[in-house]
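The numbers here are math on the coordinates, done by the rules we state, and not lab data. This structure is a prediction, so every number in the text was calculated from the model and none was measured. Cβ atoms come from the backbone with ideal geometry, glycine included; neighbour counts cover every protein chain shown.
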Amino acid sequence: MRESPHPLPDITTITLDENKGAVFQSPLQEEGADNKVVDPCVVVIFGATGDLTSRKLFPALYNLARDGQLPSHFACVGFARREKTHEQFRGEMQKAVGEFSRVKPLDENLWSSFNNQIYYHSSNFDDDKGYDDLRTFLEQLDKEHGTKGNRVFYLSTQPRYFPLIIEHLGKRGLIYDTGKVKDKWSRVIIEKPFGHDYSSAIELQQFVLNHLAESQIYRIDHYLGKETVQNLLVFRFGNSIFESIWNNHYIDHVQITVGEEIGIGTRGAFFEEAGILRDIVQNHMMQLLSLTAMEPPSSLSADAIRDEKVKVLKALRPLDMERFSEQVVRGQYGPGYVDGEDAIGYRQENNVDPHSSIETFTALKLYIDNWRWSGVPFYLRAGKRLPKRATEIAITFKGVPGVLFSQNEKKTEHNVLVIRIQPDEGISLRMNCKVPGPSSPIQPVKMDFRYSSYFGLTPPEAYERLIYDCMLGDGTLFARGDEVLTSWKWITPVLDRWHESAPSDFPNYPSGTWGPQAADEMLARDGREWRLI
Ligand code: BG6
């Protein structure tokens, strides 16, 4: 591995203030955020016995503690229905962090002080008394830990509980009126999915706005917390060489892939209500699409960036329902082989209907009707049980005129810029090159930048950055209400169409393959093919 020329990446610097916690400076933070420090606060996690809490949220909090980015006056409370003691919960979280933290092994000294900041509160989500008790308990923690009444409420429950919890928090005075209360704050992180279609998202949006100011709402899309996703803005707008060719004059088409090797595993019940379109496309892929296609924002303020992203979503051409099957493909995995092992089909997974019509794969072709992108197709594909885990954005540039290198042996290939979001995070550019020697055939070569070999660091997990930003009060990396609604508005007709007609060919791709044949045909009709990843 080549040694990094810098001891630390110079895109992010961290300084520590003993009393106040970490000062974290990053190019993608609200203006002025680099001068802010994280206020003392309590983070309350609803749904604390769920997978997300143990796999992602506690490992993230632990790593924030490890990196000195938690405020020194801090506590965290797990809220869930199951009865358990603080000690039991602490033990479970210690085990989870040991297993899932990006940094191993667990630092026992650090854990023993972090451990004392962890608590558990058991209550049903609809129990008034549970919230009264929570309020009293939080006030007690303010005294013990100096957390000054500041709260982050993290809703990591099933989506149907979001309104109930928000209503109870409001009724019990746990959400502060931003117009009146100035000396402390309360913020709510809402996990995805925010609604399950356009009308339910509008309903949820109206509901939350009755209880919270927009500035108190942090709609999470964890893709926005990924380093490589944030780097899209720096890459596009921090380098002068790309902006002038980032348009329909030079770009032939764009492919965005979110592939996963894993199947549904224990999440059958969830997935039966979601499907890949709701689970991955409506949120994560629409974020990747809008960051790739947006115009330069006027500043790095949360709203300036989000305004530009929304404009992209608003410019998405509505689907032509007459030619639906040419633009939209759905698939479901059947039995097959992944990583050399037998894999069961989706319909054989736990908690899945043996005749399920839920899609585990989709491919879409869409157009952004604005000056920059007019005529450039964006092909999106997302799927479970594909041959490998790979998320990437591939920009294929137009070919050179066939004047000089048109004979067979000298043919040139299109330049392709690939932004690898994960794994093997990096960016590569395919170029044509003359092979040394007198016969001079042309060969495509790759210029490749790899985060791991250049920076030599494991990038922080998305949830670390997002929890940190919420504590800081910076919404740049969270989805705004209109963003979410605009995305649902485009997606919902697809859901409706699928709902009207059950698929006759499911399962239509074996586990361990790149989806149904119809996805390849969609590109073949345009004279293109999916990139081999
Ligand atoms: C979640 C989806 O939002 O993202 C999961 O619900 C998916 O189905 C996961 O597996 C992928 O996240 P990541 O960070 O592993 O790409």
Task: Between 0 and 90°, nearest 10: helix 462-472 axis offset from the chain longest Cα axis - done: 50
Open item on the list: Skipping prolines and chain starts, which residues have an amide H placed within reach, meaning under 5 Å, of the one on His196, given they are 5 or more residues away or on another chain?
Closed with: Ala201
Task: At R0 = 45 Å, FRET efficiency that the Cβ-Cβ distance of Asp526 and Asp107 yields, to 0.05 - done: 0.25
TODO: With label points built 7 Å along Cα→Cβ from the Cα atoms of Gln517 and Asp369, find their separation and express it in nm.
DONE: 3.4
TODO: With a/c under 1.5 counting as rounded, go ahead and sort the range 189-311 into rounded, prolate or oblate using the C-alpha gyration tensor (a ≥ b ≥ c being the square roots of the eigenvalues; past the cut-off, prolate if a/b is larger than b/c, else oblate).
DONE: oblate
Open item on the list: Checking the cross-link filter: which lysines have an alpha carbon closer than 20 Å to that of Lys171, excluding same-chain neighbours under 8 positions apart?
Closed with: Lys129, Lys180, Lys182, Lys184
Open item on the list: Full-extension gain between Glu99 and Arg55, please, as 0.36 nm times their residue separation minus the C-alpha to C-alpha distance.
Closed with: 15.0 nm
Task: Gain in span if fully extended, Ser501 to His249, counting 0.36 nm per residue against the direct Cα distance - done: 86.8 nm
Task: For Ala48, distant residues with modelled amide H under 5 Å away - done: Phe79, Ala80
- [ ] Towards the positive end of the charge dipole of the chain, with charges on Cβ (+1 Lys, Arg; -1 Asp, Glu), say which of Leu289, His222, Phe114 has the farthest Cα.
- [x] Leu289
Open item on the list: Per residue of the range 343-351, what does 6.51 cos²θ - 1.76 cosθ + 1.60 with θ = phi - 60° give for ³J(HN,Hα)? Whole Hz please, x for Gly and Pro, Karplus curve as stated.
Closed with: 10, 7, x, 4, 5, 9, 6, 4, 6
Open item on the list: Nothing charged except the Cβ atoms of Lys and Arg (+1) and of Asp and Glu (-1): what's the magnitude of the dipole of the chain about its Cα centre? Round to the nearest 20 debye.
Closed with: 680
Task: Charge dipole of the chain about the Cα centre (unit charges at C-beta), most positive-ward option of Ser356, Ser428, Pro460 - done: Ser428
TODO: Determine, from the Cβ-Cβ distance of Gln140 and Gln88 and an R0 of 22 Å, the FRET efficiency 1/(1 + (r/R0)^6), rounded to the nearest 0.05.
DONE: 0.65
Task: Lys, Arg +1 and Asp, Glu -1 on Cβ, resulting dipole of the range 371-455 about Cα centre, debye, nearest 20 - done: 280
Task: On Cα atoms only, tilt of 86-100 relative to the major axis of the chain in degrees - done: 20
- [ ] Calculate one ³J(HN,Hα) per residue across the range 262-276 by plugging θ = phi - 60° into the Karplus curve 6.51 cos²θ - 1.76 cosθ + 1.60, and present them in order as whole Hz with x for glycine and proline.
- [x] 5, x, 8, x, 8, 9, x, 4, 5, 5, 4, 9, 9, x, 5
TODO: Grab the beta carbon distance between Glu326 and Lys171, set R0 = 60 Å, and tell me the FRET efficiency rounded to 0.05.
DONE: 0.75
Task: Point-to-point label distance, Asp482-Arg160, nm (Cα→Cβ direction, 7 Å offset) - done: 3.3
Task: Estimated inter-spin distance, Thr458 and Glu341, nm [label 7 Å along Cα→Cβ] - done: 2.1
Task: Proximal lysines relative to Lys95, as straight alpha-carbon distance under 29 Å, when same-chain residues fewer than 8 apart are discounted - done: Lys20, Lys56, Lys84, Lys104, Lys143, Lys192, Lys226, Lys384, Lys388
Task: From phi via Karplus (6.51, -1.76, 1.60), per-residue ³J(HN,Hα) for the range 239-249 in Hz, x at Gly/Pro - done: 10, 6, 6, 8, 4, 6, 10, 8, 6, 6, 6
- [ ] Please express the shape of the chain as an equivalent ellipsoid: the semi-axes are the square roots of 5 times the eigenvalues of the C-alpha gyration tensor, given largest first in whole angstrom.
- [x] 41, 28, 23
TODO: Compute the long axis of helix 198-211 from its Cα atoms, compare it with the longest principal axis of the Cα atoms of the chain, and write down the angle in degrees, 0 to 90, nearest 10.
DONE: 30
Open item on the list: For a quick check: sort Leu466, Leu477, Leu209 by the number of other beta carbons within 10 angstrom, fewest at the front.
Closed with: Leu209, Leu466, Leu477
